[in-house]
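**Q** Got a structure for you, written out below as structure tokens; questions coming shortly.
The values are calculated or read from the model by the stated rules, or taken from the named source; none is laboratory data. No experiment lies behind these values; they were computed from the predicted model shown. No Cβ is skipped: glycine too gets one built from the backbone with ideal geometry, and neighbour counts run over all protein chains shown. We work out accessible area using only protein heavy atoms, side chains counted, and drop any ligands, DNA or RNA first. Shrake-Rupley method; radii C 1.70, N 1.55, O 1.52, S 1.80 Å.
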Amino acid sequence: HFPVRDVHHHLVSSLMEISAHAGAIVVTIDGPAGAGKSTVAKTLAQRLGFDYLDTGAMYRAVALLARRHNLLEDAERLSMHLDTAALEITGGLVRLNGEDVTGLLRDPEVTRGSSLVAAIPAVRAFLVRAQRQAAQGRSIICEGRDQGTVVFPGALCKFFLTAHPRERARRRLEDMARQGKELPALDDLERQIAERDERDATRQDSPMVPAADACLVDTTSMTLEQVMDHLAV
């Protein structure tokens with residue numbers, strides 16, 4: 001595993017106390033799909049009594065909007081749609097132009113579209129504004145791909161979670177099986193994950209890379225409790 005620096009190891013355990021004296025606190029958790037970001041972020045938020053912001057759901061919402069209007073290949077027209085789009089995320093609900101679209105965001109086509117729209121600068125600018133607005137005045141755990149580098153570079157505590165693509169594909173298959181979805185071949189899913197990693201890490205605007213001051217954690221062979229032991233002793 002990547003080493004976890006002691007300063008972060010002890011810092012998260014005292015975040016609740018710090019928040020009580022200093023007001024709102026932002027903690028960022030970045031990393032690729034399947035590394036455990038969502039589960040870790042939700043668990044950490046619950047333990048600390050912080051709010052939780054799923055930025056991946058925001059990108060999926062934009063992908064859903066793009067698919068509905070056949071705009072996945074038309075960045076200019078999609079950008080125009082964003083000028084009048086209303087995106088709201090509260091708790092576990094995502095509303096797009098007033099419609100609850102939460103149950104539609106895990107569709108495989110929407111997931112694939114999310115990495116395409118994420119490469120569009122206008123989409124990223126739109127969602128960076130939305131994410132900063134959502135975090136304003138709140139103690140919050142934000143998970144995504146550029147939270148510690150671009151959206152909240154001054155966050156008090158930053159983590160970057162990763163895992164081997166094969167393990168991440170296996171975890172995704174387990175999630176799909178629990179949801180009763182049709183299961184692709186493990187090799188195909190691993191290839192899709194590796195391709196998305198490449199797109200996310202090499203895009204010109206806000207590539208998926210660890211912040212210089214982020215704590216790196218390889219979750220490949222770790223249980224949730226083992227990860228939490230690192231983050232919130």
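**Q** With the chain treated as a Gaussian network of Cα nodes joined by springs under 10 Å, which of Gly92, Gly180, Gly49 yields the largest mean-square fluctuation?
**A** Gly180
**Q** So, one more: When N counts the residues of the chain, how does its alpha-carbon radius of gyration compare numerically with 2.2 N^0.38 Å, as a ratio?
**A** Details: Rg = 17.2 Å, N = 233, 2.2 N^0.38 = 17.5 Å.
Compared with the compact-globule rule of thumb, the chain sits at 0.99.
**Q** How would Thr219, Thr149 line up by accessible area, probe 1.4 Å, largest first?
**A** Thr149, Thr219
**Q** Right, next: Hey, can you rank 190-203, 131-144, 25-38 by average C-beta count inside 10 Å, highest first?
**A** 25-38, 131-144, 190-203
**Q** What's the FRET efficiency of Ala212 with Gln46 using the Cβ-Cβ distance as r and R₀ = 30 Å, to the nearest 0.05?
**A** The pair Ala212/Gln46 has a calculated efficiency of 0.55.
**Q** Identify all lysines with a Cα-Cα distance to Lys158 below 18 Å; exclude those on the same chain that are fewer than 8 residues away in sequence.
**A** Lys37, Lys42
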